[in-house]
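What follows is one structure encoded as structure tokens, with my remarks underneath.
The values are calculated or read from the model by the stated rules, or taken from the named source; none is laboratory data. Bear in mind the structure is a predicted one, so any value in this text is a computation, not a measurement. Virtual Cβ from ideal backbone geometry, glycine too; neighbours counted across all protein chains shown. Please note that ligands, DNA and RNA were not included when accessible areas were found on the heavy atoms of the full protein model with its side chains. Shrake-Rupley method; radii C 1.70, N 1.55, O 1.52, S 1.80 Å.
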Amino acid sequence: MANGTLLCISGSLRQHSFNTKLVKEAARIFDAETTLWADLRLPLYDQDLEADGLPEPVQTLIGQISSADAVAISTPEYNKAPPGVLKNALDWVSRTKPMPLTGKRVAIMSASAGRSGGERAQYMLRHFLVPHGAEVVHGPEVLVGSNFDQFDGDRLINEINLKALTELMGKLREAANL
């Protein structure tokens, strides 16, 4: 069943990030022919840096988005919002025309130490994606709360969350016509 290209984006740079684990689990379930991994270690957005063209790491991310059939984004919740690295990446990506996320099928998910599982960050991320024209797949929401108890190594072990993630990835595959 493996076909298509999935771009995975973790909004966390931390080495043992639960959001990275969650998006890896999403990729395993999605079973793409090709899986790309975004690196959000980008310079802070500064229009002056565009004088000589977009920085190479930004061009790489734009190329990954452009070549993907579908995108999976997992966001932590920092101070009731998505992290700055994710917003920074979206700001950079918006600087090219046409915007590469326009019409892309996107699934969002979150893992958080708190009870809400990153619900506020997901809500805000949906708003961040509006000007990009991304087509966010609706439901089920994958909100992994108390994330430190939800994984065994890199595998999501909570049955309810795993079922929701499996359904979400199925909807993403269907929306991307894969």
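Once the Cα atoms are used to define both axes, helix 84-93 deviates from the longest principal axis of the chain by about 50 degrees.
Rounding to the nearest 10 and keeping the result within 0 to 90°, find how far the Cα-based axis of helix 159-175 lies from the longest principal axis of the chain. The two axes meet at around 40 degrees.
Probe radius 1.4 Å, ligands and nucleic acids left out: which of S10, S146, S66 has the largest accessible area, and how do the rest follow?
Values: S10 15, S146 40, S66 70 Å².
The ranking, largest first, comes out as S66, S146, S10.
Take every Cα pair under 8 Å whose residues are at least 6 apart in sequence, average their separation, divide by the length of region 32-178, and the relative contact order is 22 percent. On the basis of the beta-carbon distance and an R0 of 22 Å, E167 and H127 show a calculated FRET efficiency of 0.40. Helical content alone sets the calculated 222 nm signal of the chain at -11000 deg cm²/dmol, taking -39,500 (n - 2.57) per DSSP H segment of four or more residues and averaging over every residue. Given [x] 1.10; [y] 1.32; [z] 0.97 as candidate values of Cα Rg over 2.2 N^0.38 Å, which corresponds to the one derived from the coordinates? Computing Cα Rg over 2.2 N^0.38 Å and matching it to [x] 1.10; [y] 1.32; [z] 0.97 gives [z].
Within region 1-88, the trypsin sites (Lys or Arg not before Pro) that combine a DSSP coil assignment with at most 15 other C-beta atoms in a 10 angstrom radius are R14, R41, K80. For the chain, which whole-number percentage of the solvent-accessible area (1.4 Å probe, protein heavy atoms only) is attributable to carbon and sulfur atoms? Here it works out to 50 percent.
Please work out the C-alpha center-to-center distance from region 126-178 to region 89-110 and express it in whole Å. So the two Cα centres are separated by 17 Å. For the set L129, L54, solvent exposure ranked by accessible area (probe 1.4 Å, protein chains only) runs largest to smallest as L54, L129.
For the modelled label position 7 Å from the Cα of R14 along Cα-to-Cβ, which residues of region 124-154 have backbone nitrogen atoms closer than 11 Å? Taking a point 7 Å out along Cα→Cβ of R14, the residues of region 124-154 whose backbone N falls under 11 Å are 147-148.
Here the relative contact order of region 1-74, from alpha carbon pairs under 8 Å that lie six or more residues apart, stands at 50 percent. Taking Cα atoms only, the orientation of helix 119-129 departs from the longest principal axis of the chain by about 30 degrees.
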